Amino acid sequence: MTYAYVALTIANPESLAAYRARAAEALAAHGGSVVSASRDLVALEGAPTLPDMAAILSFPDRAAAEAWINDPAFADIHALRRGAGQSDIILLG
């Protein structure tokens with residue numbers, strides 16, 4: 001199992017809403033799912049700059065995660081997320 005940490009700083013809520021309406025289909029196409037997503041973020045240690053929203057995604061493996069982000073069939077969906085503001089995605093493992 002491979003996980004991805006997604007941090008979003010939202011500048012365009014409409015684009016984020018459009019992304020959220022379609023994101024599940026892109027994830028499912030590559031065996032991915034949302035483990036958890038929240039706007040209620042708390043730093044337990046240190047003083048990081050917290051995003052407006054964060055999520056943990058799961059994929060069967062790294063290849064599936066890379067296929068999800070690089071799939072040209074879903075480029076328009078990823079563009080909605082990127083259009084919502086700053087979007088950082090980090091693979092864990």
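Below, the figures for the structure above:
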| item | result |
| --- | --- |
| Tally of residues being surrounded by fewer than 13 Cβ atoms within 10 Å (Cβ to Cβ) and more than 17 Å from L50 (Cβ to Cβ) across the stretch 1-20 | 4 |
| Failed condition for T49, given (1) within 14 Å of I89 (Cα to Cα); (2) β-branched (V, I, T); (3) out of contact with any Lys or Arg (no Cβ under 7 Å at 6 or more places or on another chain) | (1) |
| Answer residue from the stretch 58-93, given it is of a type in the set (G, A, S) and within 13 Å of T9 (Cβ to Cβ) and is surrounded by the most Cβ atoms within 10 Å (Cβ to Cβ) among those | A84 |
| Unmet criterion (only one of (1) exposed (fewer than 13 other Cβ atoms within 10 Å of the Cβ); (2) closer than 16 Å to D88 by Cα; (3) at pLDDT below 95) for A23 | (1) |
| Residue list for the stretch 30-81, restricted to those being among the small types (G, A, S) and in contact with a helix residue (DSSP H, G or I) (Cβ under 7 Å, 6 or more places away or on another chain) | G31, G32, S33 |
| Where a residue in the stretch 13-40 is farther than 14 Å from F59 by Cα and free of Cβ contacts under 8 Å to residues at least 40 places away in the same chain and its partner, wherever it lies, is of a type outside the set (G, A, S) and in a helix (DSSP H, G or I), with Cβ under 7 Å and at least six apart | none |
| Residue match in the stretch 47-57 (condition: over 12 Å from the mean Cα position of the chain (by Cα), surrounded by fewer than 16 Cβ atoms within 10 Å (Cβ to Cβ), under 20 Å from A24 (Cβ atoms) and not aliphatic (A, V, I, L, M)) | no |
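The values are calculated or read from the model by the stated rules, or taken from the named source; none is laboratory data. Keep in mind that what you see is a predicted model, and the values were worked out from it rather than measured. A quick note on method: Cβ atoms are made from the backbone with ideal geometry, for glycine too, and the neighbour counts reach across all protein chains shown.
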